[in-house]
């Protein structure tokens, strides 16, 4: 039998290590109007993960990176309301790095090279895609994904999944949420 955690416990564990920074990669395909929501939020910073100028339609579907504050209304909304309302909205990345290096890392792993040499974008920040692909990656590929030494957290309505590299091996820790009090 596994231990269930309260939402407050899971949130607190995001910032448990002194100096930790928590970044959210948010999929615009999953959360409508996320760019506008980010513009109105009080965040340490945010940016689009797609490079260059985009049409309004493309910007609405793009992924965004936001540095979350431990006690901000946007963080409350994202982890409390958006997680059950918009399943698969994206992921959290816990590291000691500021926004700019995290953004560049996310952009770098956002492209794959196909056997024919073509480059393609892939939705690595989709929790289902990430959980399916990570166990199949070679050690060097995992090193690229976890190149910041970060922990990746996949929040969901029933459990949060923590992914990290421990001694060169992918570690997965599923932390179930307590059932709401009735």
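The values are calculated or read from the model by the stated rules, or taken from the named source; none is laboratory data. Bear in mind that the values here come from a model prediction, so they are computed numbers and not experimental data. Note that each Cβ is placed from the backbone with ideal geometry, even for glycine, and that neighbours are counted across all protein chains shown.
What the table below lists for this structure:
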| quantity | calculated |
| --- | --- |
| Test: residue in region 148-158 that is without any contact (Cβ under 8 Å) to a residue 12 or more places away in the chain, at negative phi and surrounded by fewer than 13 Cβ atoms within 10 Å (Cβ to Cβ) | no |
| Candidates 57, 67, 35 - the one that is more than 17 Å from residue 154 (Cβ to Cβ) and in contact (Cβ under 8 Å) with a residue 40 or more places away in the chain | 67 |
| Hey, residue 11 over 29 Å from residue 111 (Cα atoms), touching a helix residue (DSSP H, G or I) at 6+ places or on another chain (Cβ under 7 Å) and not in a strand (DSSP E or B) or not | yes |
| Condition check for residue 123: within 22 Å of residue 32 (Cα to Cα), at pLDDT 95 or above, in contact with a strand residue (DSSP E or B) (Cβ under 8 Å, 6 or more places away or on another chain) and surrounded by 12 or more Cβ atoms within 10 Å (Cβ to Cβ) | no |
| Residue in region 48-57 that is outside any loop (DSSP other than H, G, I, E, B), buried (at least 17 other Cβ atoms within 10 Å of the Cβ) and touching a helix residue (DSSP H, G or I) at 6+ places or on another chain (Cβ under 9 Å) present | yes |
| Residue tally, condition out of contact with any strand residue (DSSP E or B) (no Cβ under 6 Å at 6 or more places or on another chain) and closer than 18 Å to residue 94 by Cα, over region 22-74 | 5 |
